[in-house]
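Peer 1: This structure is in structure tokens; I'll ask about it shortly.
The values are calculated or read from the model by the stated rules, or taken from the named source; none is laboratory data. What you are looking at is a predicted structure, and each value in this text was computed from that prediction instead of being measured. Glycine also receives a Cβ, built like all others from the backbone with ideal geometry; neighbour counts cover every protein chain displayed.
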Amino acid sequence: MAIKKSISGMRGTIGGVPGDNLTPIDIVEMTAAYGQWLLESGNEPKVVVGRDGRISGEIVSALAVNTLLSLGIDVINLGYSTTPTVEMAVTHHSAGGGIIFTASHNPKEWNALKMLDSKGEFVDQKIGETILALAEKRAFNFATVDKLGKESTDETSIDYHIEQILALSYVDVEKIKNRKFKVVIDCINSTGAIALPPLMDKLGCEYTLIHAEVTGDFSHNPEPVPANLKDLSDKVKETGSDMGIAVDPDVDRLVLVCEDGSMFSEEYTIVAASDFVLKYKKGATVSNLSSTRALADISKKHGQEYHASAVGEVNVVTKMKAVNAAIGGEGNGGVILPDLHYGRDALAGIVLIMNHLVDEGVSLSALKESYPKYEIIKHKIDLDKNTDVKKLLNVVKNKYLNESINEEDGLKIDFSNGWVHLRESNTEPIIRVIAEAKTEQEAEDLIKPIIAMIND
């Protein structure tokens with residue numbers, strides 16, 4: 001199995017041997033290091049926590065919460081929640097930080113600790129390196145019995161999150177309600193089943209939930225990509241709905257299905273949301289190097305600049321702040337709206353795109369047809385722990401020195417008819433290989449020789 005520690009937290013599979021898997025010992029050590037950093041940073045000794053619906057979530061949460069309390073840190077426990085809800089709750093409660101217990105799109109055997117700073121954003125590289133060093137040295141100083149932290153709960157955080165979205169100046173709730181959207185939602189047996197129904201109620205939608213029991217025993221692979229969304233597609237057609245909504249277990253990624261059961265494409269979530277926001281607010285857009293060129297095209301249509309960042313939410317946010325972006329995100333269905341907070345937010349994405357559909361007076365499939373057409377294909381290559389990724393990428397690079405090369409984040413090769421991006425994942429022991437071109441076949445033709453080279 002596996003464990004991976006990075007500057008943004010720790011992710012791994014439950015069970016097994018400490019240091020090789022996500023065990024209670026690893027959870028306590030990483031949480032203690034985070035708590036120690038918080039105490040030494042001078043931030044408020046108060047942490048907001050929340051978890052998705054994973055089977056291991058209660059155990060992981062309890063271990064981490066009690067570790068924080070043992071350090072003398074107060075904890076506000078949201079219980080079942082979403083990643084963007086926890087992010088917003090950190091600033092709402094003026095906390096020193098936050099931790100989300102979720103392995104995002106990974107299968108049920110995985111869990112993770114995602115660590116936030118006092119702004120409700122993922123900790124940056126400097127903070128992350130400090131936390132990792134504290135964990136390595138076990139440099140913890142636990143509180144005496146009279147100075148233990150106190151735990152409290154907040155059962156209103158999702159309602160607060162929704163209220164803030166609907167209060168955005170360019171969101172017209174009445175207009176959306178009058179449209180009377182009919183939708184199907186794939187809750188993937190996690191907290192989407194808790195967060196999305198109240199949003200749908202506020203928007204006057206008629207909705208059907210599938211995979212709605214919060215068990216963490218996912219009914220299908222939880223990554224919201226087309227191969228995993230057949231149930232949603234079938235239900236949309238069966239019910240004659242206007243759209244299907246898919247989220248991942250922690251509800252920060254949004255993927256849509258059109259009224260005819262076809263995929264809107266996770267890459268176009270940020271394109272559609274940006275197309276709406278840029279009508280009302282001028283500013284640059286940002287996505288990562290692995291995301292579709294269509295966002296650059298839409299930005300140009302609105303007379304705005306587009307910027308690319310390294311992959312990873314922290315990197316996208318850093319670039320967004322640097323260019324004062326109006327909106328940004330990632331091609332995995334992640335929408336980041338600074339007017340709300342600097343984090344991917346599926347709930348916000350739903351509202352923006354519904355409002356856009358009402359404004360334009362079109363169906364979801366017609367909206368998709370209006371955008372520049374690109375096809376992205378994504379592959380994963382498994383690594384063993386001894387793989388020299390840098391050496392592998394250099395082998396590929398040396399074969400394509402006549403093309404445009406970008407090494408800001410892994411290796412991106414720009415061809416006249418598309419691009420290929422190779423990079424080591426921050427969260428899994430894999431190399432991601434992504435290609436985009438005007439057609440799927442063109443993208444496959446670009447990617448095949450490169451994958452063969454890596455596997456050779």
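Peer 1: I'd like the full set of residues that are of a type in the set (Gly, Ala, Ser), within 24 Å of Leu422 (Cβ to Cβ) and at pLDDT 95 or above, limited to the stretch 252-293. Spell out how you get there, then give the answer.
Peer 2: The first filter runs over the stretch 252-293 and keeps only residues of a type in the set (Gly, Ala, Ser), leaving 261-262, 265, 272-274, 283-284, 287, 290-291.
So of that shortlist, the ones also within 24 Å of Leu422 (Cβ to Cβ) come out as 265, 287, 290-291.
Within the stretch 252-293, Ser287 is the sole residue that qualifies.
Peer 1: Among the residues that make up the stretch 6-20, is at least one of them in a strand (DSSP E or B), under 27 Å from Lys150 (Cβ atoms) and within 21 Å of the chain's Cα centre (by Cα)?
Peer 2: Of the stretch 6-20, the ones in a strand (DSSP E or B) are 6, 9-14, 18.
From what's left, under 27 Å from Lys150 (Cβ atoms): 9-10.
Cutting the leftovers down to within 21 Å of the chain's Cα centre (by Cα) gives us 9-10.
Yes, the stretch 6-20 has at least one match.
Peer 1: Could you tell me which numbered condition Asp359 fails, if it satisfies all but one of (1) acidic (Asp, Glu); (2) in the same structural domain as Arg293 (by TED's automatic domain parsing); (3) in contact with a Leu (Cβ under 7 Å, 6 or more places away or on another chain)?
Peer 2: The failed condition is (3).
Peer 1: Filter the stretch 259-305 down to residues that are closer than 16 Å to Tyr374 by Cα and of a type in the set (A, V, I, L, M, F, W, C), then give me how many there are.
Peer 2: Of the residues in that region, 10 qualify.
Peer 1: Something else now. Out of all the residues in the stretch 155-201, which are crowded, with 19+ Cβ neighbours inside 10 Å and either on the phi > 0 side of the Ramachandran plot or not hydrophobic (A, V, I, L, M, F, W, C) (or both)?
Peer 2: Ser157, His161, Asp186, Ile188, Asn189, Ser190, Thr191, Gly192
Peer 1: When you go through (1) in contact with a Leu (Cβ under 9 Å, 6 or more places away or on another chain); (2) under 30 Å from Glu223 (Cβ atoms) one by one for Tyr80, which number turns out not to apply?
Peer 2: Condition (1) is where Tyr80 drops out.
Results for (1) among the small types (Gly, Ala, Ser); (2) farther than 17 Å from Ala112 by Cβ, shown as yes or no for each residue.
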{"residue": "Ser61", "(1), (2)": "yes, no"}
{"residue": "Leu71", "(1), (2)": "no, yes"}
{"residue": "Val75", "(1), (2)": "no, yes"}
{"residue": "Tyr80", "(1), (2)": "no, no"}
{"residue": "Pro84", "(1), (2)": "no, no"}
{"residue": "His93", "(1), (2)": "no, yes"}
{"residue": "Gly96", "(1), (2)": "yes, yes"}
{"residue": "Ile99", "(1), (2)": "no, no"}
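Peer 1: Which of the numbered conditions does Asp345 fail, given that it passes all the others? Conditions: (1) surrounded by fewer than 21 Cβ atoms within 10 Å (Cβ to Cβ); (2) among the acidic types (Asp, Glu); (3) in contact with a helix residue (DSSP H, G or I) (Cβ under 7 Å, 6 or more places away or on another chain).
Peer 2: Tallying (1) surrounded by fewer than 21 Cβ atoms within 10 Å (Cβ to Cβ); (2) among the acidic types (Asp, Glu); (3) in contact with a helix residue (DSSP H, G or I) (Cβ under 7 Å, 6 or more places away or on another chain), Asp345 fails exactly one: (1).
Peer 1: If we keep just the residues of the stretch 300-325 that are within 19 Å of Ile376 (Cα to Cα) and crowded, with 24+ Cβ neighbours inside 10 Å, which is modelled with the lowest pLDDT?
Peer 2: Val311
Peer 1: Name every residue in the stretch 152-186 that is part of a loop (DSSP other than H, G, I, E, B), more than 19 Å from Tyr80 (Cβ to Cβ) and among the polar types (S, T, N, Q), in order of residue number. First the steps, then the outcome.
Peer 2: Within the stretch 152-186, the first condition is being part of a loop (DSSP other than H, G, I, E, B), and the residues that meet it are 154-156, 167-172, 180-181.
Filter again for more than 19 Å from Tyr80 (Cβ to Cβ), leaving 167-172, 180-181.
Within the stretch 152-186, Ser169 is the sole residue that qualifies.
Peer 1: Just the residues that are touching a strand residue (DSSP E or B) at 6+ places or on another chain (Cβ under 9 Å) and in contact (Cβ under 8 Å) with a residue 40 or more places away in the chain, please, taken from the stretch 16-43.
Peer 2: Residues satisfying the conditions are Leu22, Ile27, Glu29, Met30, Thr31, Tyr34, Gly35, Trp37, Leu38, Ser41, Asn43.
For (1) in the same structural domain as Ala246 (by TED's automatic domain parsing); (2) closer than 16 Å to Ala348 by Cβ, each residue gets a yes or a no:
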residue: Leu132; (1), (2): no, no
residue: Thr144; (1), (2): no, no
residue: Gly149; (1), (2): no, no
residue: Gln164; (1), (2): no, yes
residue: Tyr170; (1), (2): no, yes
residue: Asp186; (1), (2): yes, no
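Peer 1: Separate question: I'm trying to understand the selection: among the residues of the stretch 204-228, which are surrounded by fewer than 24 Cβ atoms within 10 Å (Cβ to Cβ) and among the hydrophobic types (A, V, I, L, M, F, W, C)?
Peer 2: Initial filter on the stretch 204-228 (surrounded by fewer than 24 Cβ atoms within 10 Å (Cβ to Cβ)): 204, 206-221, 223, 225-228.
Passing the criteria: Leu209, Ile210, Ala212, Val214, Phe218, Val225, Ala227.
Peer 1: So which residues in the stretch 390-405 are surrounded by 15 or more Cβ atoms within 10 Å (Cβ to Cβ) and within 28 Å of the chain's Cα centre (by Cα), if there are any at all?
Peer 2: Residues satisfying the conditions are Leu392, Leu393.
Peer 1: Got a number for residues in the stretch 94-108 being over 15 Å from Ile27 (Cβ atoms) and either in contact with a helix residue (DSSP H, G or I) (Cβ under 6 Å, 6 or more places away or on another chain) or surrounded by fewer than 19 Cβ atoms within 10 Å (Cβ to Cβ) (or both)? Talk me through it step by step, then tell me what you get.
Peer 2: The first filter runs over the stretch 94-108 and keeps only residues over 15 Å from Ile27 (Cβ atoms), leaving 94-98, 104-108.
If we keep only those that are either in contact with a helix residue (DSSP H, G or I) (Cβ under 6 Å, 6 or more places away or on another chain) or surrounded by fewer than 19 Cβ atoms within 10 Å (Cβ to Cβ) (or both) too, we end up with 94, 96-98, 107.
The total comes to 5.
Peer 1: Would you tally the residues in the stretch 187-234 being more than 18 Å from Ile165 (Cβ to Cβ) and in a loop (DSSP other than H, G, I, E, B)?
Peer 2: Residues of the stretch 187-234 more than 18 Å from Ile165 (Cβ to Cβ): 187-190, 193, 206, 208-234.
Those left that are additionally in a loop (DSSP other than H, G, I, E, B): 187-190, 211-225, 229.
Number satisfying all stated conditions: 20.
Peer 1: Which one is surrounded by the most Cβ atoms within 10 Å (Cβ to Cβ), of the residues in the stretch 56-74 that are over 19 Å from Gln36 (Cα atoms) and under 21 Å from the mean Cα position of the chain (by Cα)?
Peer 2: Of all residues in the stretch 56-74, those over 19 Å from Gln36 (Cα atoms) come to 56-59.
Cutting the leftovers down to under 21 Å from the mean Cα position of the chain (by Cα) gives us 56-57.
Numbers: Ser56: 20, Gly57: 23.
Across the stretch 56-74, the extreme among qualifying residues is Gly57.
Peer 1: Give just the number: which of (1) under 25 Å from Thr215 (Cα atoms); (2) more than 22 Å from the chain's Cα centre (by Cα); (3) not aliphatic (A, V, I, L, M) does Asn228 not satisfy?
Peer 2: (2)
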